[in-house]
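The values are calculated or read from the model by the stated rules, or taken from the named source; none is laboratory data. What you see is a predicted model, and the numbers here were worked out from it, not measured in a lab. Note that we place each Cβ from the backbone using ideal geometry, even for glycine, and neighbour counts take in every protein chain shown.
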Ligand SMILES: Nc1ncnc2c1ncn2[C@@H]1O[C@H](COP(=O)(O)OP(=O)(O)OP(=O)(O)O)[C@@H](O)[C@H]1O
Ligand SMILES: [Mg+2]
């Protein structure tokens, strides 16, 4: 056991890499301080002892001392130490009150956190620079994809004109080649549209107009749009929905885009199977929701893939890209759109058995 006599404690205080001062709790005048505190202040003992502590530490805090004025038992906070030459040192200070010889003393200890603060500032600067670079990238992508769409629209338009003229002139040899040009153009158009969407979302520039949307109309429209895609892969498209679902709160265009992406995925990753769209009302978290479940009996998704499903450009693997095409933007866009409309998309899946994607949108009433 160490003998805690005064000289011993004095030695310990002198060796500690921490500044320590004692202050009278009534008059807030500094009574003692160790060498580290003196070095940090940058003066001699006589210049400090007897001064009001707020002239040295916690400037402008007179009348707001956490212990004597605000009633705290311990104060642990970031403060400023005023050096003798006017320099200011950020410190982490701890203070508590203790009785000695019939009076209350405040024991205040503090460590220099300049390097910590500098590191924090560097991190903030680096984060701001990275965010600015990301914004510049999104703005560039948004501008570029916008610029690409204009000439592509002209190419598609002229291609359609040529198809009509070739048909009129009976030049059937050209028709299948022109169709290929047109299909490739449409595919490119969709990819550019997705890049434009994700960059708008990331730049916080996606306009969303939430309004009441008739649910039964949305179901009918989605099913008639997706029927050909379902049939193409030998799938059956089934709808299960209760009567009188009424309306939900959404941006009709953006919701349709999200729902069609889920249905397109289900049809794309399922062969000779079943794709079911189930729409129902539910309650959760004190809110009323409309749930849109898109269930398929397709290839399913591996658990490690499921985790990064909603990240931009995330696809199964390069063989998925080769076999099924696409850019891996559909789910990233859809989830962000649904979140911006106050809803969300979640997914569950069993490899080899199928997948279920659920959109939850506020019912609004
Ligand atoms: N119903 C599903 N069944 C199996 N895998 C799926 C299903 N839906 C999505 N995935 C997997 O998630 C990936 C990402 O889907 P997402 O819709 O974002 O991109 P994509 O369909 O590949 O391309 P895009 O939608 O941009 O044309 C897909 O590539 C696929 O690996
Ligand atoms: Mg997709």
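Of the residues examined, residue 230 is one that is closer than 26 Å to residue 270 by Cβ and in contact with a helix residue (DSSP H, G or I) (Cβ under 6 Å, 6 or more places away or on another chain). Scanning region 269-293 for residues that are touching a strand residue (DSSP E or B) at 6+ places or on another chain (Cβ under 6 Å) and within 9 Å of ligand 1 (Cβ to nearest atom) yields 270, 275. Here residue 56 meets each of (1) surrounded by fewer than 17 Cβ atoms within 10 Å (Cβ to Cβ); (2) at pLDDT below 85 with one exception, condition (1).
Listed here are the strands (runs of 3 or more DSSP E) enclosed by region 187-296 that have at least 2 residues being over 32 Å from the mean Cα position of the chain (by Cα): 236-241.
The number of residues in region 12-35 that are in a helix (DSSP H, G or I), in contact with a helix residue (DSSP H, G or I) (Cβ under 8 Å, 6 or more places away or on another chain) and buried (at least 17 other Cβ atoms within 10 Å of the Cβ) comes to 0.
There is at least one residue in region 291-305 that is within 18 Å of residue 236 (Cα to Cα), within 12 Å of ligand 2 (Cβ to nearest atom) and buried (at least 16 other Cβ atoms within 10 Å of the Cβ). Of the numbered criteria (1) at pLDDT 95 or above; (2) more than 9 Å from ligand 1 (Cβ to nearest atom), the one residue 296 fails is (2). If you filter region 348-365 down to residues that are near ligand 1 (Cβ under 8 Å from one of its atoms) and either surrounded by fewer than 23 Cβ atoms within 10 Å (Cβ to Cβ) or at pLDDT below 95 (or both), you find that the one that is farthest from residue 250 (Cα to Cα) is 354. Filtered by the rule that a residue be in a helix (DSSP H, G or I) and either without any contact (Cβ under 8 Å) to a residue 12 or more places away in the chain or under 48 Å from the mean Cα position of the chain (by Cα) (or both), region 157-171 gives 157, 158, 159, 160, 161, 162, 163, 164, 165, 167, 168. Look at region 264-289: where a residue is surrounded by fewer than 12 Cβ atoms within 10 Å (Cβ to Cβ) and a partner is modelled with pLDDT of 90 or more and part of a loop (DSSP other than H, G, I, E, B), sitting 6+ places away or on another chain with Cβ atoms under 6 Å, you get 272/234. Kindly indicate whether any position in region 333-347 is farther than 29 Å from residue 183 by Cβ, touching a helix residue (DSSP H, G or I) at 6+ places or on another chain (Cβ under 9 Å) and within 11 Å of ligand 1 (Cβ to nearest atom). Looking through region 333-347, at least one residue is farther than 29 Å from residue 183 by Cβ, touching a helix residue (DSSP H, G or I) at 6+ places or on another chain (Cβ under 9 Å) and within 11 Å of ligand 1 (Cβ to nearest atom).
Return yes when residue 266 is within 16 Å of ligand 2 (Cβ to nearest atom), in contact with a strand residue (DSSP E or B) (Cβ under 8 Å, 6 or more places away or on another chain) and modelled with pLDDT of 95 or more and no when it is not. For residue 266, the condition - within 16 Å of ligand 2 (Cβ to nearest atom), in contact with a strand residue (DSSP E or B) (Cβ under 8 Å, 6 or more places away or on another chain) and modelled with pLDDT of 95 or more - is met. Looking at region 5-19, can you tell me whether even one residue there is in contact with a strand residue (DSSP E or B) (Cβ under 8 Å, 6 or more places away or on another chain) and at positive phi? No; the residues of region 5-19 include none that is in contact with a strand residue (DSSP E or B) (Cβ under 8 Å, 6 or more places away or on another chain) and at positive phi.
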